[in-house]
Amino acid sequence: MQGKIAFEEHVAIGETLAQTRAFAGDSGQWDDFTRRILDLGNERLEAMDRTGIELAILSLNAPGVQRIPDADEAMDVAKKGNDRLAEAVALHPDRYAALAALPMHDADAASLELTRCVRELGFKGCMVNGFQQVGDADDVRYYDLPEFRAFWATVAELDVPFYLHPRMQVPSRAPIYDGHPWLMSSPWGFAVETSIHALRLCGSGLFDDYPGLRICLGHLGENIPFGLWRIDARMAFSRRGYRGKRPLGDYFREHFHLTTSGNFDDSAFRCTLDTIDHDKIHFSADYPFERMQDAADWYDSTDVITDEQRRRFGRSNAIRLFKLDLE
Ligand code: GRE
Ligand code: ZN
């Protein structure tokens, strides 16, 4: 399919490149990976051309700003990353747009940088990589906490999507993974961490306070579609600290947009399609952690969806989500 829009497409800057090294593949692949994640020129654009991706809405690599405990340093890196993305968008406005990286140490800093990116740089939303480490590397903040309500007010006012991207748990909080570092990262732990964060948002009453918020999740929903029925079924018996006014599934279906990033599987896709309204399903690749070719080969040919759905999920839904000036 030509004309696809993808929006979990990562870029590193010097300050965030090394964070990604462990995930780049086995030894020998780092040089290629480094070139691909830093590149915003021909190699990326040609891969987009070959795979029918017209527009990539770019974001900084994970964990990025979220793993910088010092607030001032985090703000500097966020600004530097965002300015780099803005530069690429200015050079190739038909091929690139951008999601802001944000320092999430406190609501004011996050709101300030999001507002700058949206109002001054024309960014389409933000991508935040899970919890923020603050001060001490073991001190982590999740965004359902009351102190972040002022940030969510800014997101609601700017009316832009917030993409919650995975990161790995910090070792001091993750003894269950002892001896199994592979399990803690993208094969499984990423989805555990990100799904819990997303469910915390649902259970905190956030969406009662801000009914217009739109949250994006990658990887076909970080396993939540598979578990959604059971969450509501069990919570009919006991709500223990759940602060939403409505059943969790209502919030998930109303506020969450899910992308195909890094999860190119028919069975998982069917489950997601069965669970979520079809105006909230989107193509994405997760480059360069995945190959654009793998993402597009699967998406363009899977018979789980019709060609008419392929167009909607590959393009028109994203145009509406990000209010893009495209047809
Ligand atoms: C990602 O950003 O999506 C990612 C990583 C590390 C490993 C796999 C992956 O940051 O998809
Ligand atoms: Zn990603």
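A few remarks follow.
- Taking region 229-257 as the range and being more than 17 Å from Phe207 (Cα to Cα) and in contact (Cβ under 8 Å) with a residue 12 or more places away in the chain as the test, the residues that pass are Trp229, Ile231, Met235.
- Boolean, Phe264 is within 16 Å of ligand 2 (Cβ to nearest atom) and assigned to a loop (DSSP other than H, G, I, E, B): yes
- Pairs, first in a helix (DSSP H, G or I) in region 52-65, second within 12 Å of ligand 2 (Cβ to nearest atom), C-beta under 8 Å, six or more apart: Gly64/Asn129; Val65/Asn129
- The residues of region 18-41 that are in a helix (DSSP H, G or I) and either closer than 14 Å to Leu85 by Cβ or within 15 Å of ligand 2 (Cβ to nearest atom) (or both), listed by number, are Gln19, Thr20, Ala22, Phe23, Phe33, Arg36, Ile37, Leu38.
- Qualifying residue in region 238-250 (condition: small (Gly, Ala, Ser), closer than 24 Å to Cys126 by Cβ and within 16 Å of ligand 2 (Cβ to nearest atom)): no
- Listed by first and then second residue, the pairs linking a residue in region 89-109 that is within 17 Å of Ala6 (Cβ to Cβ) and surrounded by 18 or more Cβ atoms within 10 Å (Cβ to Cβ) to a residue that is among the hydroxyl-bearing types (Ser, Thr, Tyr) and modelled with pLDDT of 95 or more, with Cβ atoms under 8 Å apart and 6 or more places separating them unless they lie on different chains, are Val89/Tyr96; Ala98/Ser59; Leu99/Ser59; Leu99/Tyr163.
- Asp209 vs. criteria in contact (Cβ under 8 Å) with a residue 60 or more places away in the chain and surrounded by fewer than 18 Cβ atoms within 10 Å (Cβ to Cβ): yes
- Residue within region 5-12 that is surrounded by fewer than 22 Cβ atoms within 10 Å (Cβ to Cβ), in contact with a strand residue (DSSP E or B) (Cβ under 6 Å, 6 or more places away or on another chain) and closer than 29 Å to Gly314 by Cβ present: no
- Subset of region 208-230 [away from ligand 1 (no atom under 16 Å from the Cβ), closer than 23 Å to Arg167 by Cα and in a helix (DSSP H, G or I)]: Ile224, Pro225, Phe226, Gly227, Leu228
- Meets criteria (more than 16 Å from ligand 2 (Cβ to nearest atom), of a type in the set (A, V, I, L, M, F, W, C) and under 28 Å from Asp297 (Cα atoms)) for Leu55: yes
The values are calculated or read from the model by the stated rules, or taken from the named source; none is laboratory data. Quantities reported herein were computed from a predicted structural model and do not represent experimental measurements. So basically every Cβ, Gly included, is an ideal-geometry build from the backbone, and we count neighbours across all protein chains shown.
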